[in-house]
Each structure stands twice: as structure tokens, then as C-alpha cells.
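Undergrad: Got a structure here, written out as C-alpha cells. Questions coming.
The values are calculated or read from the model by the stated rules, or taken from the named source; none is laboratory data. None of these values were measured; they are calculated from a predicted model. For neighbour counting, all protein chains shown are included, and Cβ atoms are generated from backbone atoms with ideal geometry for every residue, glycine included. Heads up: the accessible areas ignore ligands, DNA and RNA and are worked out on the full protein's heavy atoms, side chains in. Shrake-Rupley method; radii C 1.70, N 1.55, O 1.52, S 1.80 Å.
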Amino acid sequence: PPPPPPPRRAASPAAALAGPPGPPAHVQVADELLRAALEKQLEGAERPRLEQVLRRCAVADVLTADLAVALTREPAAPQLLWMLEERGLGAWERRPAGRVFVLFPVVRTFVAERVREEHPDEWVLAQLAAARWYLTNGYPVEALRHAVGAGDLGLASSAVSRYWGELLEPQALARLDVLKRLPQTALRRWPLLAGALARHHGSGPGAGSETQ
């Protein structure tokens with residue numbers, strides 16, 4: 001007969017108490033280095049205001065001066081963004097629609113992750129502020145995505161209702177994948193969101209092909 005399998009080694013008490021493993025060591029080191037670098041760049045009397053701008057503005061890919069003010073409720077937000085540029089954390093750019101501010105991707109990703117983990121309520125408020133600003137200023141896809149991210153499906157449905165025609169355009173439909181996160185029970189309560197998701201699925205590759 002085949003030999004019996006070797007006995008399984010029991011986990012040590014220390015390993016059992018440690019719980020699931022955290023991020024790899026190199027990821028933890030990189031986060032610590034980036035956190036230290038950010039803290040150094042934010043040193044000075046304006047640090048509290050700069051930190052607030054960073055935390056609230058990390059919710060948006062691209063910032064106009066008006067959006068920055070709406071997110072932070074700080075009239076001097078544009079000037080604080082200039083200070084962030086001077087400290088090497090982002091840059092003002094000229095776009096066809098005008099001048100905008102962009103946080104460098106590594107900075108925005110790190111700050112957004114920290115805010116979501118350490119200040120979840122603040123992150124939700126920033127998402128809502130962004131959604132309302134985008135809805136008011138005619139950016140329905142961005143409004144929808146931020147409203148869903150904040151869990152405000154009423155606001156998301158308002159975006160669909162107000163901008164249904166724009167959201168049916170192919171480029172907009174392709175970006176409605178955020179609706180896939182919603183449970184079916186939630187979609188049943190918001191038929192406009194369900195309709196938008198159905199249109200999104202119908203616009204995907206091979207949507208018009210017949211099933212074999």
C-alpha cells in the first residue's frame with residue numbers, strides 16, 4: 001500500500017494570533033517612504049490647509065479652480081493648489097476647456113487610499129460634493145460615477161434623468177461600468193440606473209452578435 005501522507009504541521013500560536021498577512025514588506029516600505037516625503041513637502045504654517053485640500057481634491061482626476069473650491073469650501077483653494085505645485089505634488093495644465101490642476105498620479109493614488117481607509121466619512125462627503133458639482137456643470141458621467149461611489153443612488157438617478165441623451169453616446173456608455181457594482185436589489189429601486197446599465201451592456205463588444 002502507498003505510504004501514508006506526512007502529518008500536517010499545526011500552525012504556531014503566534015501565527016494563529018497574527019491573523020491574515022498584511023501587505024508585502026516592500027509595499028509597506030514604499031508607503032512609509034511616500035508618507036514621509038509628503039509630510040516633508042507639506043511642512044510649514046499652511047500645512048493644515050494644504051492637507052485639507054489634498055484630502056478633498058484627491059477625489060477628482062482633474063480640478064478646475066471652481067471644483068477645488070466646491071470640494072474644499074475654501075475660497076483660497078486655487079492659491080493652495082499653486083502651493084502644491086510649488087512643492088512638487090501636482091501641476092497646472094492648459095487644456096482646451098481652460099486651465100486645470102492635476103495631482104501627480106502617485107500622490108493622488110496614495111492620498112486617496114489613505115483618506116478612504118482613515119477618513120471614510122470625509123471621502124464620502126468629497127464624492128458627494130464632486131457629484132453635485134459635475135451634475136450642475138454638465139458632466140453627467142463624472143456625476144454618476146461619484147454619486148455611485150458615495151452611495152447616493154438618488155443623485156445618480158438624477159444624473160441619468162437629466163442627461164439621458166448624453167449618457168447614450170458611445171463614449172459615455174463605455175464609462176458606465178461603475179453601475180456593475182450595484183446589487184440587483186438596488187437597481188430594482190432605481191429603474192433609470194437599471195436602464196443605463198442595460199444600455200452599457202448592450203454597447204459592449206459583440207453586443208449585436210447572435211448567440212451560437
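Undergrad: With a 1.4 Å probe and all protein chains kept in place, how do TRP190, TRP82, TRP92 rank by accessible area, largest first? Don't skip to the answer; put the middle values down first.
TA: Working: TRP190 70, TRP82 110, TRP92 30 Å².
These residues rank, largest area first, as TRP82, TRP190, TRP92.
Undergrad: What are the residues whose amide H is under 5 Å from the amide H of ARG87, where those residues sit 5 or more places off or on another chain and H is modelled from the backbone?
TA: none
Undergrad: Can you grab the distance from the C-alpha centre of the stretch 44-117 to the C-alpha centre of the stretch 121-156, Å, no decimals?
TA: Value for the Cα centre distance between the two parts: 17 Å.
Undergrad: Here is a follow-up. Using a 1.4 angstrom probe on the protein heavy atoms only, could you order HIS119, HIS146, HIS201 from most to least accessible area?
TA: Largest accessible area first, the residues go HIS201, HIS119, HIS146.
Undergrad: A follow-up question, please. To the nearest 20 Debye, how big is the dipole of the stretch 90-161 about its Cα centre, given +1 on the beta carbon of each Lys and Arg and -1 on that of each Asp and Glu? The partial results should precede the final answer.
TA: Details: 8 positive and 8 negative charges, 83 e Å.
Here the stretch 90-161 has a charge dipole of around 400 debye.
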